[in-house]
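Read-outs throughout are calculated quantities, based only on the coordinates presented, and are distinct from any laboratory measurement. In this text, all values refer to a predicted model and were calculated from it rather than measured experimentally. Ideal geometry is used to build each Cβ from the backbone, glycine not excepted, and the neighbour counts take in all protein chains shown.
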C-alpha cells in the first residue's frame with residue numbers, strides 16, 4: 001500500500017448489460033479520460049469535503065474522493081459476489097512514475113464484495129507535495145480490473161496542483177445538461193433549455209477547418225454581459241484520447257432577451273481539417289464566469 005495514497009472502495013452491480021453508452025470519452029469538469037473495456041460507469045465524480053470538484057485543480061496534501069458511479073461489468077459468483085481490483089499509478093506529465101500500487105483493493109481479493117453494498121466505488125486519495133518533488137502537475141491513473149474475468153476500465157485524471165490558499169472550484173449542486181448522445185455536459189448556476197451539436201464546414205475565418213457548432217439556447221440565470229466577460233476554453237482529442245493542440249481560435253456569438261435574462265450562446269470550435277471526415281474526435285467546451293462559480297462544460301464526439 002502506498003503510504004501517501006489510501007483507498008477505501010465500495011461497489012454495486014446493477015443488473016443491466018450497458019451502463020455507459022460510450023467505451024471512450026472525456027468527462028466534463030475534470031477532464032478525466034475514460035476507456036471502458038468491459039467494466040463501465042455512468043459517471044465519474046471527484047469530491048472534496050462533500051462538494052463536487054468543478055475543475056482539475058487540486059491542492060497537495062489534501063484528501064479527495066474519486067467516485068465511480070453506477071459501475072457494471074464485474075463477474076459475479078453464485079452468491080452474486082464480485083471481486084474488483086484497481087491498480088493505481090501516479091505519473092508526472094513527463095512520464096516519470098512517481099508512485100505505483102498493483103491493487104489498492106487488495107482487501108477484497110479473498111472475500112470479494114457484496115453487490116448490494118453501495119451505488120459507487122469510492123476511492124479516497126491524497127497527493128503529497130513530497131511525492132511531486134516540485135512538479136506542478138501529475139496524472140492519476142486507475143486501472144480497474146476483474147479478478148474473476150478479463151474486463152477492465154482505464155481512467156486518467158490530469159491534475160494541476162493548486163497554489164497554497166487558492167480557492168478551489170467546488171459546488172454541491174451540479175446538474176446534467178440534456179443533450180443527445182454521443183455527448184454529455186454539466187452546468188452550475190444556470191438552467192439550459194437546449195443544446196444542438198453539429199459540424200460546420202462553411203466558416204471562412206479558417207476555410208480549411210471543420211468546426212464543432214454548439215448552439216446553446218434558453219440559458220436562464222445569467223446575462224449577456226456576464227457571458228461576454230466570462231472565460232472560454234476548449235480541448236480536442238483524437239479517437240485514442242490523445243490531446244491535439246489546435247492553433248485556430250474558437251468563435252462565438254452571444255445574444256438573447258435582456259429584459260428576462262435569457263441568453264443564447266453559439267460556440268464554434270475548430271477541431272479537424274475538412275478532409276478528415278473518416279476520423280473521430282472528442283471536443284470539450286468550457287465556459288466559466290469571472291468569479292468561477294458558474295460554468296457550462298460539454299463534451300461531444302464528432
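Structural remarks
- Computed over segment 24-170: relative contact order in percent, which uses C-alpha pairs under 8 Å that are six or more apart: 33 percent
- Relative to the 2.2 N^0.38 Å rule of thumb, segment 173-301 has a C-alpha radius of gyration ratio of 1.04.
- Put simply, when 42-50, 65-73 are sorted by average Cβ atoms within 10 angstrom per residue, most first, you get 65-73, 42-50.
- Percentage relative contact order, segment 218-302, counting C-alpha pairs under 8 Å, at least six apart: 34 percent
- Relative contact order, percent, the chain [alpha-carbon distance under 8 Å, six or more residues apart]: 18 percent
- Förster-model FRET efficiency, 41 Å R0, residue 106 and residue 172, C-beta, rounded to 0.05: 0.80
- Among 51, 257, 129: highest mean-square fluctuation, GNM of the chain, C-alpha pairs under 10 Å: 257
- Taking 0.36 nm per residue of sequence separation and removing the Cα-Cα distance, the residue 69/residue 292 pair yields an extension gain of 77.7 nm.
- The modelled label-to-label distance for the pair residue 250/residue 160, using points 7 Å beyond Cα in the direction of Cβ, is 1.3 nm.
- Relative packing of peptides 294-300, 33-39 - highest average C-beta neighbours within 10 Å first: 294-300, 33-39
- For the pair residue 148 and residue 220, a Förster radius of 45 Å applied to the C-beta separation gives a FRET efficiency near 0.40, rounded to the nearest 0.05.
- Each listed q (0.21 Å⁻¹) maps to a log10 I(q)/I(0) for segment 24-170, found by the Debye formula over equal Cα scatterers with no solvent: -1.38.
- Distance between segment 233-279 and segment 160-200 - C-alpha centres, whole angstrom: 15 Å
- Order by protection proxy (mean Cβ within 10 Å, highest first), peptides 143-152, 243-252: 143-152, 243-252
- The value for the chain of Rg(Cα) / (2.2 N^0.38 Å) is 1.05.
- Shape category assigned to segment 113-232 from the gyration tensor of Cα positions, a/c cut at 1.5: prolate
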